[in-house]
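Asks: A single structure is presented below for examination.
The values are calculated or read from the model by the stated rules, or taken from the named source; none is laboratory data. Everything quoted here is computed from the prediction, not taken from an experiment. All Cβ positions, glycine included, derive from the backbone under ideal geometry; neighbour counts span all protein chains shown.
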Amino acid sequence: MPPHLRLVIAIALALFVQEPAQTGAGSIAGRVVDGRTALPIGGIAVQLHEVPKESRAFPLSDYRFMFVNGTRPTRGQVITDGDGRFRFGAVADGFYELHVYAFHTLSQFGQADATDAGRVIEISAGKSVTGVSLRVWHSPVLGGRVIDESGRPVIGVEVAAIPPTAVDQFLAVATDDRGMFAVNVPPGDYYVAVRPETTIARSDALLAAPIGRQQMVYPITFFPGALSIDQAVRISVAADDLRTGIDIRLKPVKAYRITGRNAAAQSNRPWINLVRDDPAKGPKPSTLTQADLRTGQFTMNGVPPGSYRLRAVLTPDMPFMTHGTAPLRTLSPEPTLWVDAPVTVSDRDVEVRVDLRPGFRITGKVSFEGGTPPTLEQLASRAIVIQRAIDNDVDLRGLYLSPSAFASIQVPPGRYFIRPAAPQGWYLKAITAGGRDVTGSAIEIEFADRSDVEITFTNRPAKIRGTVQPALATGMSRPFVTVFSADRSEWTDLGQSPARLALIQAGSDGTYEAPLPPGTYFVVATDRPLKVPGDFSRLSLLAETVVLADGATTSQNLKIQKAAK
Amino acid sequence: MNRRLLLFTCAVLALGWAPPAGAPTNQRGTPAGTVVVSGRIVDRVDGTPIPFARVEMRVGTSLGASQLGSARADERGEFRVERLTAGGYYLAVAAPGYAVAYFSSKGSTSVPPGDVLNVADNQQLMPLEIRLARGGVITGHVTNQFGVPAAGAFLNLRQTTGRGGPSPFYLQQGATSFVTDSNGDYRLYGLAEGEYLVAAQMLGSGDNLRVGSTDAPRVGHPRVFYPGTTDQAEARPVVVRPGEERSGVDIQLRLVPLLSVSGTVAVAGNANRSELQMSLRPVTGDSDGSVFVSRRNDNGFEARDVPPNRYWLTAFGHEQGRSPTERGALVWAAIEVTVTDRDLRDLTIALQPSSTLEGMLADESGNPPTQFSVTALPVSRNVDAPHPPGRPDASGKFVIRDLTPGRYRLRVGTGPNWNTEITEVEATLAGQTLTNREFEIAAGANLTGLMIRVRK
């Protein structure tokens, strides 16, 4: 099929379309055209989004995805007719964006090219805006074929397109019965990797024919045939690119067996994981395989030579966690058993002895400044999440013992972010450990309990507010305000929900506001969402520095800066 | 993190491909028995061994019934499932590019779940030979109502022949549900030989679709069967032979108006109106096309967002019993309605009395086997209403009440479980033997003179 026929249509990505009733007198009408050929596109869904009047802050977990997955509220949806035309009637006064979602690609009104920021349209005094042209680009496609050492297709193996700047945010597909794959991606740079390991992780290695009695497996292989991401070739794709011929030949490598012995342990999560020793160098899961510790012995088959760690964290029973909010009801006296041991596989099977050891508790004080502390009952619905800095794979939690004390279950040694959920009406002011401020950084647990952690909440938070200039008008991009810690050491280790970070979409009147723990921050307004934390270094030069003081509101007006694409 | 996982999961699910889930040895936590099942997996055509196929053994036929053993074949196609406890197992085998095969007493079959493989403790079973057939492939192109390639359309595949019973296995090598790629193309592979209906549908694009303008009437995306019909009865089956590729199974989607069907139920006698249950179900095809019918207290009803089609509009309820806790006889109504391009208003459907079936149950020596009950299982009918089984009295006489018109099959058993069905049964109605123990009930008719003889 010629590339110009490859059309993109909003589908599952536009799943959660809400549609508040429109009551205004205005209208917006126009046409959807192919960004490259300018030909109209019929039958494509166009969504109208209102830029909210008030500023809104987003958690990091939502922010990263909200601009590609189409879950933001919309003011309506129209399918274009055969000539690509659409019309939104009864549009109230305000600022609007027009979106078309496709395979991981968002086209917006006003873009000069597929990577440009979208622009807004203003409806005022019930006016009608007609003749809007909404250009839509096809998402690039990376395609190829996976074959084995004898040239046969490898069927059903996972192929991932991995952005070099965010190796964990890959998009994956499986090969078909011809070994072929095609993955739609946003424009950008990618490594392409075949990941037989995703099947190994289910204790089912992608086996190759053995040589004699030597077991062979197919290892993770990066295009054009590299076994490490360092030697992988970057593929750069722009909108409308159909890149084929990304053919990868898998070559079997010798594989060995790790057998282990341990003191039999009972747990709901009795798993021991074999993880690559350097997870930063490849996409997750870095877990190659998993075994059960309950019987006191385990076997891991099909492990290629390399440096690994055997990791296990056997926690006591905890309430089922949804959305990271399930608080503990009681503090289990049971130990958390753990192991984190290096293991190297070179040219033979390996036998290991796994010593499970109890972990260490994090305990400390809790204080509430500015009013009567909440009752223990009010605190009982709030979770304290103990987030491991190296990964997000283990569920560790704490709870409020009283309005003035907290404790965690035992945790293995390591670096952790303490993420306490604030009770209604309270804001996190600071977390310290041994007198050192760790609000925006991780604490170190060595081989001992740690009882010097203090969590302070306030009911009068420090706040930043201001106005973004110039004022929003038709043809401009909706402004985003990012407030991030001025302490560079807090950029590299953000954790899942950084306390010293506010990601704000400014209101249509240009105002923004956010509560934050007191401290020194950079604040910057940009014409598009930032890459967090990738853009921090460059934008810190353009940002204003603000010092937020306890209980005080700091005003800072901002000029919109151009963010990187 | 969660969202990334979600995206990833979607990608895999969308491909309808389940990553291999076997294990080289017994599953963890399996109670260790002494039975070993071993065998060899070969290509059905040339008999060559198929390496690294996955073997799963399960008990029971519900999807995901507990897996009690699994193995991975070696490079010679040989497998061994060890430490099984004695019992009856279903066994399935999957290999990339092949259709899933199930153990059968005659070898292997592509019809799930196959036959039960019975094993006893310390029994030395002969090695099995499981023959796999190359999977068939169906490919095609899906366009929208304007002929533009439809990316992300969901494909639905249903087999019309050799479908067999429910499969307890997750094993599935090819894809039976799939979305089109950004060209609007799809490829369904690893298919067992047979006859398939292929349908495409845009899902998840919101329920408030309008073409061209927010002032246009609302439309919906119906499921469209190859070669281009929303009526399953007009769908053209695609025949796939082992290893065969059927290309050009192209489908053009369409948008249809969404209409309203409303009216009143004429409630006869003392039927309890608040208890009435209604449905609007396509005359052909399955219940996927059913539309929710909302009811008002004044006997009014309305179904919204109804795509054009022929439907059975049905209602049923019960008359009030003699006491508040007792339910009276079933009353029912059914009319066929055709929705074209406009709303249907002021329909009236009238409730009618249900039918009864009276009969006698006896064993070979003429004694009444009172431990049995007799159930009438619907074969085809329009009103999907429940009715209690008939329980014979001391003389063997039984009555099945609350029957609505349609065709039924008699089932004699000791409980609700299929396994307790007694098949050595002869049923006669007014002296005539019933083929397959099936009988028909017409509207308003009551049947008497049924005689059922059970052979022990």
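Asks: Can you tell me which residue within the range A:165-184, out of those that are modelled with pLDDT of 90 or more and surrounded by fewer than 21 Cβ atoms within 10 Å (Cβ to Cβ), is farthest from B:Arg54 (Cα to Cα)?
Replies: Filtering the range A:165-184 for residues that are modelled with pLDDT of 90 or more and surrounded by fewer than 21 Cβ atoms within 10 Å (Cβ to Cβ), the one farthest from B:Arg54 (Cα to Cα) comes out as A:Ala182.
Asks: Hey, another quick one. Right, B:Ser213: among the polar types (S, T, N, Q), under 29 Å from the mean Cα position of the chain (by Cα) and either crowded, with 16+ Cβ neighbours inside 10 Å or over 30 Å from B:Gly135 (Cβ atoms) (or both) or not?
Replies: No: the conditions fail for B:Ser213.
Asks: If you go through the range B:223-246 one residue at a time, how many are at pLDDT 90 or above, among the small types (Gly, Ala, Ser) and within 14 Å of B:Leu197 (Cα to Cα)?
Replies: Of the residues in the range B:223-246, 2 are at pLDDT 90 or above, among the small types (Gly, Ala, Ser) and within 14 Å of B:Leu197 (Cα to Cα).
Asks: Looking at (1) closer than 23 Å to A:Pro270 by Cα; (2) over 28 Å from the mean Cα position of the chain (by Cα); (3) of a type outside the set (Val, Ile, Thr), find the lone condition where A:Ser408 falls short.
Replies: Tallying (1) closer than 23 Å to A:Pro270 by Cα; (2) over 28 Å from the mean Cα position of the chain (by Cα); (3) of a type outside the set (Val, Ile, Thr), A:Ser408 fails exactly one: (2).
Asks: Among (1) within 14 Å of chain A (Cβ to nearest Cβ); (2) crowded, with 16+ Cβ neighbours inside 10 Å; (3) among the polar types (S, T, N, Q), which single condition is B:Ser247 missing?
Replies: (2)
Asks: Filtering the range B:43-65 down to residues that are surrounded by fewer than 18 Cβ atoms within 10 Å (Cβ to Cβ) and of a type in the set (A, V, I, L, M), which residue is modelled with the lowest pLDDT?
Replies: Residue satisfying both the conditions and the ranking: B:Leu63.
Asks: Answer yes or no as to whether A:Ala226 is more than 14 Å from chain B (Cβ to nearest Cβ) and farther than 30 Å from B:Arg54 by Cβ. Break it down into steps so the answer makes sense when it comes.
Replies: Numbers: more than 14 Å from chain B (Cβ to nearest Cβ): yes; farther than 30 Å from B:Arg54 by Cβ: no.
So A:Ala226 does not fit the description; no.
Asks: Could you check, for the range B:299-306, whether at least one of its residues is among the small types (Gly, Ala, Ser) and free of Cβ contacts under 8 Å to residues at least 24 places away in the same chain?
Replies: No, the range B:299-306 contains no residue that is among the small types (Gly, Ala, Ser) and free of Cβ contacts under 8 Å to residues at least 24 places away in the same chain.
Asks: Separate question: Of (1) within 15 Å of A:Ile443 (Cα to Cα); (2) within 14 Å of chain B (Cβ to nearest Cβ); (3) among the hydrophobic types (A, V, I, L, M, F, W, C), A:Leu396 satisfies all except one. Which?
Replies: Here A:Leu396 meets the rest and fails (2).
Asks: Go through B:Gly97, B:Gly114 for me and flag whichever is in contact with an Asp or Glu (Cβ under 7 Å, 6 or more places away or on another chain) and buried (at least 21 other Cβ atoms within 10 Å of the Cβ).
Replies: Values: B:Gly114 fails: in contact with an Asp or Glu (Cβ under 7 Å, 6 or more places away or on another chain).
Answer to the selection: B:Gly97.
Asks: Can you report the number of residues in the range B:104-163 which are in contact with a Pro (Cβ under 8 Å, 6 or more places away or on another chain), aliphatic (A, V, I, L, M), under 25 Å from B:Arg54 (Cβ atoms) and part of a strand (DSSP E or B)?
Replies: Of the residues in that region, 0 qualify.
Asks: Among (1) of a type in the set (S, T, N, Q); (2) assigned to a loop (DSSP other than H, G, I, E, B); (3) over 18 Å from A:Leu331 (Cα atoms); (4) over 20 Å from the mean Cα position of the chain (by Cα), which single condition is A:Ser381 missing?
Replies: Only one criterion is unmet by A:Ser381, namely (3).
Asks: In addition: Look at A:Arg257 and say whether it is within 13 Å of chain B (Cβ to nearest Cβ) and out of contact with any Ser or Thr (no Cβ under 8 Å at 6 or more places or on another chain). Write out each step before concluding.
Replies: Details: within 13 Å of chain B (Cβ to nearest Cβ): yes; out of contact with any Ser or Thr (no Cβ under 8 Å at 6 or more places or on another chain): no.
Here the answer is no, as A:Arg257 does not meet what is asked.
Asks: Given the residues B:Thr348, B:Thr340, B:Thr356, which is the only one that is modelled with pLDDT of 90 or more, more than 25 Å from the chain's Cα centre (by Cα) and farther than 22 Å from B:Gly317 by Cβ? Write out each step before concluding.
Replies: Numbers: B:Thr348 fails: farther than 22 Å from B:Gly317 by Cβ; B:Thr356 fails: farther than 22 Å from B:Gly317 by Cβ.
Being modelled with pLDDT of 90 or more, more than 25 Å from the chain's Cα centre (by Cα) and farther than 22 Å from B:Gly317 by Cβ holds for just one of B:Thr348, B:Thr340, B:Thr356, which is B:Thr340.
Asks: For the range A:344-388, give me each residue that is of a type in the set (Lys, Arg) and in contact with an Asp or Glu (Cβ under 7 Å, 6 or more places away or on another chain).
Replies: Residues of the range A:344-388 of a type in the set (Lys, Arg): A:348, A:353, A:357, A:361, A:365, A:382, A:388.
Matches in the range A:344-388: A:Arg361, A:Lys365.
Asks: A further question on this structure: Of these, A:Thr259, A:Thr295, A:Thr289, which one is surrounded by fewer than 20 Cβ atoms within 10 Å (Cβ to Cβ) and in a strand (DSSP E or B)?
Replies: Details: A:Thr295 fails: in a strand (DSSP E or B); A:Thr289 fails: surrounded by fewer than 20 Cβ atoms within 10 Å (Cβ to Cβ).
The match here is A:Thr259.
Asks: Small (Gly, Ala, Ser) and out of contact with any helix residue (DSSP H, G or I) (no Cβ under 9 Å at 6 or more places or on another chain): which single residue out of B:Ala385, B:Ala427 fits that description?
Replies: On the way: B:Ala427 fails: out of contact with any helix residue (DSSP H, G or I) (no Cβ under 9 Å at 6 or more places or on another chain).
Only one candidate passes the filter, namely B:Ala385.
Asks: Next question. Please specify each residue of the range A:185-214 satisfying the condition of being at pLDDT below 85, more than 8 Å from chain B (Cβ to nearest Cβ) and not in a loop (DSSP other than H, G, I, E, B).
Replies: A:Glu197, A:Ile200, A:Ala208
Asks: Additional query: Are any of the residues in the range A:2-21 of a type outside the set (Val, Ile, Thr), outside any loop (DSSP other than H, G, I, E, B) and modelled with pLDDT of 50 or more? Reasoning before the result, please.
Replies: Step one: of the range A:2-21, the residues of a type outside the set (Val, Ile, Thr) are A:2-7, A:10, A:12-16, A:18-21.
Okay, now just the ones that are also outside any loop (DSSP other than H, G, I, E, B), so A:3-5, A:12-14.
Still in the running and modelled with pLDDT of 50 or more: none.
No, because not a single residue in the range A:2-21 is of a type outside the set (Val, Ile, Thr), outside any loop (DSSP other than H, G, I, E, B) and modelled with pLDDT of 50 or more.
Asks: Any chance the range A:457-466 includes a residue that's assigned to a loop (DSSP other than H, G, I, E, B), in contact with a Phe, Trp or Tyr (Cβ under 7 Å, 6 or more places away or on another chain) and surrounded by 17 or more Cβ atoms within 10 Å (Cβ to Cβ)? It would help to see each step written out before you state the result.
Replies: Quick first cut of the range A:457-466, residues assigned to a loop (DSSP other than H, G, I, E, B) only: A:459-461.
So of that shortlist, the ones also in contact with a Phe, Trp or Tyr (Cβ under 7 Å, 6 or more places away or on another chain) come out as A:459, A:461.
With the extra rule that they be surrounded by 17 or more Cβ atoms within 10 Å (Cβ to Cβ), the set shrinks to A:459, A:461.
So far as the range A:457-466 goes, yes, one or more of its residues are assigned to a loop (DSSP other than H, G, I, E, B), in contact with a Phe, Trp or Tyr (Cβ under 7 Å, 6 or more places away or on another chain) and surrounded by 17 or more Cβ atoms within 10 Å (Cβ to Cβ).
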